[in-house]
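Structure first, then comments.
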């Protein structure tokens, strides 16, 4: 997947094109817990099987985001240190579940 191909494809042009359809969420400057909250919200918008690349520059997020994603049933493919940031690659494997607690109707 080349940068040129991604630029030419646009955001929604290749939704069914496999790896070319990977989304990128740049969270540079964000800190925990917002890194996971924003990641979770973005995954909710994506279809099952979608690949999301999350870029973080907050070292604790490189540990916390993958751990939290796995706890929610998502697949964490890799975490790679790239200079001053980390690239977390995740695949959406489950939809969010609403939980009914005591007092909820």
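Report, for segment 20-90, the % of DSSP beta bridges that are antiparallel, rounded to 5. Mind dumping the intermediate values first?
On the way: 11 of 15 bridges.
Restricted to segment 20-90, the bridges split so that about 75 percent are antiparallel.
Label positions at residue 53 and residue 93, each projected 7 Å from the Cα along the C-beta direction, are separated by 2.2 nm.
Note on residue 28 and residue 70: the model spin-label points, each 7 Å out from Cα along the C-beta direction, lie 2.8 nm apart.
No value in this document is a laboratory result; all are computed from the given coordinates. No experiment lies behind these values; they were computed from the predicted model shown. Neighbour counts are summed over all protein chains in view; Cβ atoms, including those assigned to glycine, are modelled from backbone coordinates with ideal geometry.
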